[in-house]
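Accompanying notes for the structure given below.
The values are calculated or read from the model by the stated rules, or taken from the named source; none is laboratory data. Worth saying up front: this structure is predicted, and the values here are computed from it rather than measured. Here the Cβ positions follow ideal geometry from the backbone for every residue, glycine too, while neighbour counts run over all protein chains shown. Side chains are part of the model used for accessible areas, which takes the heavy atoms of the whole protein and leaves out ligands, DNA and RNA. Shrake-Rupley method; radii C 1.70, N 1.55, O 1.52, S 1.80 Å.
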Amino acid sequence: MSSEKPSTLDPEEARKIDAYWRAANYLAVGQIYLYDNPLLKRPLVLGDVKHMLLGHWGTTPGQNFIYAHLNRVIKKYDLDMIYVSGPGHGGPAVVGNTYLEGTYSEIYPDISQDEAGLRKLFLQFSFPGGIPSHASPETPGSIHEGGELGYSLSHSFGAVFDNPDLVVACVVGDGEAETGPLATAWHSNKFLDPVHDGAVFPILHLNGYKISNPTILARITREELDQLLRGYGWDPIFVEGHEPAAMHQAMAAALDSGMERIRAIQADARKRGHTDRPRWPMIVLASPKGWTGPVEVDGVRIEGTFHSHQVPLSDPATHPEHLKLLENWLRSYRPEELFDEQGKLVPELAELAPVGDRRMGSNPHANGGRLLRDLRMPDFRDFAAEVPEHGCPGIGDTHVLGRFLREVVKRNGGQRNFRIFGPDETLSNGLESVFEVTERQWNAATVPGDEFLAPTGRVMEMLSEHQCEGWLEGYLLTGRHGLFNCYEAFIHIVDSMFNQHAKWLKITSHLPWRRKIASLNYLLASHVWRQDHNGFTHQDPGFLDHVVNKKAEIVRVYLPPDANCLLSVMDHCLRSRHYVNVVVAGKHPAPQWLSMSEAVAHCTTGIGIWSWASGNQDTAPDIVMACAGDVPTLETLAAISILREHLPEVNIRMVNVVDLMRLEPPTEHPHGLGDGDFQDLFTADKPVIFAFHAYPWLIHRLTYRRPNHDNFHVRGYKEEGTITTPFDMTVLNELDRFHLVMDAVDRLPQTGERGLHLKRQLQEKLIEHKAYIDLNGQDMPEIRNWKWTTR
Ligand SMILES: Cc1ncc(C[n+]2csc(CCOP(=O)(O)OP(=O)(O)O)c2C)c(N)n1
């Protein structure tokens, strides 16, 4: 039993909360099973039961129990609280509770507070044309679907950053707690600022089982569990048992004491300023899985075991004896005491729910677009790199971007709605300028010599891509803005989280009551081509392949070739809504190609001919040299300069792609160029040598239905890498200027002997290159010092 004293609720209060819980449990069983007869006004018959029984019962009664008790504390303490369901497969709980509190019917008037509404509520659940079985985007009050387990705590922390009055009640499944992201998310408490941030109140739902296994945390001693959670910096309150009356008292006492502790921590920090890192409270709720459901079916124990995870009773069409068990189970909640003759929750229970926006289903934080305010944006042109001539030296594109981001941070410091997230890489990715105006938020110990650490700051850095992604998602979903900067290779760690977020955006963009939120912006710096001292493990541009799988209406991929294009692109991304924007940029000193006005024009169209690098445009080109990405652009321009010198009669067209999705047909992506425009750029029948930042097949995938696709010859990363010189990386993958020229010559038979001679010279150059770097450990001077020259 609980260590709390069991006298928090008076008997009347306890009776009503229990009845409310029964109502929610009744609705859950109804959602999983009932096709008709929602109030059991007549004996249950086969035709009242759905044919396909889908959903998860096991977690649901525990979550219903938690929700009913949270309603009580919301009212008692007038809390601004949202609910995050880690085991989001308990959809019947969140759907049922938002129905009981009235939110559901306000958003979906068809699901009314009467018998007809109840029937529809039951019918739509896990039913074709209805709603999914999880805490899906369709569920009011949800910012977390919980389909893919592991992210509840990081989403919750993201939600409370810069929301000082918000409390997120976060139910963590004990199975979910075994995932890597969740296991490390407990550390989020070292990043919480009790003055300016709100609080996360975790409730570890120790119901003991997963789908068909016990959970680890339920099979270590309570003492060990207590030590584990304390080791993570939490102050756990245990609520344990199965007897409802005692459990109501224990849960109420635990929530009261936890809430009072949260308030005390906040008051203390806000009155006295920052003190030691607080030890925040949390609850461990140890209750039976499938609580109040069938105890035993066909001789198998159900309640309190993994057998209750999904649907404890089978289809009565094949198991006729289960029909009576189902009816008994439903009637055990005594629906006639809970709903009136018309099917409406009786007033003495309805009044237990908070009202208006205090209801967790209605809380505006859970529909973040309602609270979203535009960023105060500086003019990105003010941060332009000077480009007096095409190809002048640059300091590294992300370093230029850093100055712009510094200003974004500064201008939005007052409204506290912009943060930069990264796994210990913000400096390494070249964004050092932001630390001129902010710090890394950090609430663990500091020692002399630490840099940029403070209890409050705009930069969030933990060496967990999962936390960065989860925090940022939570931050965005509650109506704020942000940027995730990451090494390109390691962004794969969050492939799956990206998937889930993109799915969320896709669904919510078609729900009229869900307001649009700020886009999720990835800055992938430290990219594949410049991993000079890290080598092969750090070379992987495949995130782009992954991203383009997602719905075209959601994803955008940008490959700015230089700093001014990067500024223009990032300004656009930070202003955009409801997308995932992926921006790949370099941090190493690199040539700059476009003045700011040229960059703006180029980024506005997203793809275009660079006339200054092209030949005679009044006649058709002999060949198109295309590129996307900073290093491919450099190599393409260098290749063009070789071709110009040696084969001046060849008319070359240079095409640069910033917005990768311009390559797709307009039927597939809203940014897609029409076939006519595509052909105007890439010609109807001329060879196209395409130098691409990432894996070459992606270009083929995007263009396979385009005119002239058969003439596309794409060079990109071919999974060749090691610690070597920057130019050698391109050589290893045959993306270098020499290979590009040889490729071009192969497609230009008219160059005859001169072309062949040039090829032989370049093959010798490649041998010379190899010998030189092996001896000197750096690229040849003609490579290092190469500069674009205008004819
Ligand atoms: C990342 C991930 N892996 C596997 C699953 C499949 N799965 C669904 S529910 C579940 C067990 C969850 O156990 P727990 O978190 O304790 O939830 P509860 O017992 O409350 O249902 C598993 C493994 C999943 N949804 N997500």
Could you give every pair whose Cβ atoms fall below 9 Å, whose first residue belongs to the range 137-150 and is within 22 Å of residue 174 (Cα to Cα) and among the aliphatic types (A, V, I, L, M), and whose second residue is at pLDDT 95 or above and open to solvent by 40 Å² or more (accessible area, probe 1.4 Å), counting only separations of at least 6 or pairs across chains?
149/178
Out of the range 32-66, which residues are within 12 Å of the ligand (Cβ to nearest atom) and in a loop (DSSP other than H, G, I, E, B)?
55, 56, 57, 58, 59
Scan of the range 272-292 for residues that are within 30 Å of the chain's Cα centre (by Cα) and not hydrophobic (A, V, I, L, M, F, W, C), ordered by number:
277, 278, 279, 281, 289
Test residue 121 against the criterion of being part of a helix (DSSP H, G or I), within 13 Å of the ligand (Cβ to nearest atom) and surrounded by 22 or more Cβ atoms within 10 Å (Cβ to Cβ), and give yes or no.
no
Looking only at the range 419-440, decide whether some residue is open to solvent by less than 20 Å² (accessible area, probe 1.4 Å), at pLDDT 95 or above, assigned to a helix (DSSP H, G or I) and within 18 Å of residue 560 (Cα to Cα).
no
Residue that is nearest to residue 534 (Cα to Cα), among those in the range 695-724 that are buried (at least 19 other Cβ atoms within 10 Å of the Cβ) and within 27 Å of the chain's Cα centre (by Cα)
717
Members of the range 464-488 found to be in contact with a Pro (Cβ under 7 Å, 6 or more places away or on another chain) and in a strand (DSSP E or B), listed by number
486
Can you tell me how many residues in the range 135-152 are touching a Leu at 6+ places or on another chain (Cβ under 6 Å) and away from the ligand (no atom under 16 Å from the Cβ)?
1
Which one of these does residue 597 not meet: (1) under 20 Å from residue 379 (Cβ atoms); (2) crowded, with 22+ Cβ neighbours inside 10 Å?
(2)
What is the one condition in (1) more than 19 Å from residue 559 (Cα to Cα); (2) without any contact (Cβ under 8 Å) to a residue 40 or more places away in the chain that residue 696 does not satisfy?
(1)
Could you grab me the full set of residues in the range 153-176 that are open to solvent by less than 10 Å² (accessible area, probe 1.4 Å), within 12 Å of the ligand (Cβ to nearest atom) and more than 18 Å from the chain's Cα centre (by Cα)?
171, 172, 173, 174
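Listed here are the residues, each with its yes/no results for (1) more than 18 Å from the chain's Cα centre (by Cα); (2) at negative phi; (3) surrounded by 18 or more Cβ atoms within 10 Å (Cβ to Cβ).
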| residue | (1), (2), (3) |
| --- | --- |
| 511 | yes, yes, no |
| 518 | no, yes, yes |
| 530 | yes, yes, yes |
| 537 | yes, yes, no |
| 543 | no, yes, yes |
The range 546-560 - residue that is under 11 Å from residue 582 (Cβ atoms) and open to solvent by 30 Å² or more (accessible area, probe 1.4 Å) and, of those, modelled with the highest pLDDT
546
Selection from the range 180-216 of residues within 16 Å of the ligand (Cβ to nearest atom), crowded, with 19+ Cβ neighbours inside 10 Å and not in a helix (DSSP H, G or I) yields 202, 203, 204, 205, 206, 207, 208, 209, 210, 215
Check off (1) outside any loop (DSSP other than H, G, I, E, B); (2) within 16 Å of the ligand (Cβ to nearest atom) for residue 227 and give me the number that stays unchecked.
(2)
For the subset of the range 230-243 comprising residues that are more than 16 Å from the ligand (Cβ to nearest atom) and open to solvent by 70 Å² or more (accessible area, probe 1.4 Å), which member is farthest from residue 148 (Cα to Cα)?
243
Restricted to the range 758-788 and to residues being closer than 21 Å to residue 391 by Cα and aromatic (Phe, Trp, Tyr), the residue most open to solvent (accessible area, probe 1.4 Å) is 786
Here are some residues: 783, 767. Which one is assigned to a helix (DSSP H, G or I), β-branched (Val, Ile, Thr) and within 24 Å of residue 560 (Cβ to Cβ)?
783
Determine if the range 656-668 includes at least one residue that is at pLDDT 95 or above, touching a Ser or Thr at 6+ places or on another chain (Cβ under 7 Å), crowded, with 22+ Cβ neighbours inside 10 Å and assigned to a helix (DSSP H, G or I).
yes
